[in-house]
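The values are calculated or read from the model by the stated rules, or taken from the named source; none is laboratory data. Predicted, not measured: the structure shown is a model, and the values here were computed from it. Cβ placement follows ideal geometry from the backbone for every residue including glycine, while neighbour counts extend to all protein chains displayed. All accessible areas refer to the heavy atoms of the entire protein, side chains included, with ligands and DNA or RNA removed. Shrake-Rupley method; radii C 1.70, N 1.55, O 1.52, S 1.80 Å.
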Amino acid sequence: MDAELARRRGIEAGHSLNMIAELPHYTDDPGVPAVLQDAALDAFFVHLRLLIEFLITRPRTDRPPVISRWDYATGDLGLDNALRDRLKAASAFANLHVAHFNAARVPAADSPVSRRPSPASLAGYRRDVFTTMEALVSHLEAAGSVHAVDFGGWLADARRSAVDSTQAFKVGA
């Protein structure tokens with residue numbers, strides 16, 4: 001794949017990083033209408049799933065091609081099993097709550113119809129994705145990849161956005 005096409009495809013991952021950086025703050029903001037809080041939560045989980053798939057799910061050859069980290073780095077990222085397990089659990093949780101009328105959402109007649117994860121739990125998912133993306137950036141740097149700068153920049157931007165959004169949320173801006 002040519003370098004410019006690879007970069008433009010990588011921008012998709014950068015966009016998703018920014019989405020999971022900023023959206024948690026709007027999922028529990030009383031100044032945001034409930035329907036938009038729900039939309040922010042749904043969008044967070046969509047982008048969380050995309051990033052986890054990008055980072056740890058090896059693309060299948062029997063399906064249409066997807067953009068994945070294997071387009072940029074084929075080696076092992078050196079993730080510990082606990083982090084990998086948390087990412088898989090986060091993906092499974094997202095799958096239960098987005099894009100499917102999954103019966104697990106309301107397992108019993110007296111179950112709440114909507115369970116809203118706390119912004120802190122969303123921040124934990126985000127932290128794990130950022131840690132994994134950092135491992136990809138380190139891998140790309142060690143390999144001398146031209147894509148290391150882009151992915152490193154997208155991750156740095158997302159980290160800044162997460163902090164900026166947290167500060168704005170705390171002061172009610």
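Some values worked out for this structure:
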quantity	calculated
Only Lys, Arg (+1) and Asp, Glu (-1) charged, at Cβ; the range 34-155 dipole about Cα centre in debye	320 debye
Total charge dipole magnitude, the range 1-82, about the Cα centre, Cβ charges on Lys, Arg, Asp, Glu only, Debye to nearest 20	360 debye
Probe 1.4 Å, protein heavy atoms only - accessible area per residue of the chain in square angstrom	56 Å²
Portion, in percent, of the accessible area of the chain that falls on carbon or sulfur, probe 1.4 Å	56 percent
Phi-based couplings in Hz for the range 44-54 (Karplus 6.51, -1.76, 1.60; Gly and Pro marked x)	4, 5, 4, 6, 4, 4, 4, 5, 5, 4, 4
Computed over the range 1-153, Cα set: Rg, Dmax in Å	16.8, 56
Positive-pole candidate from Asn95, Ser111, Phe130, dipole of the range 24-158, charges at beta carbon	Ser111
Whole-angstrom gap from the range 1-30 to the range 115-132, using each part's C-alpha centre	15 Å
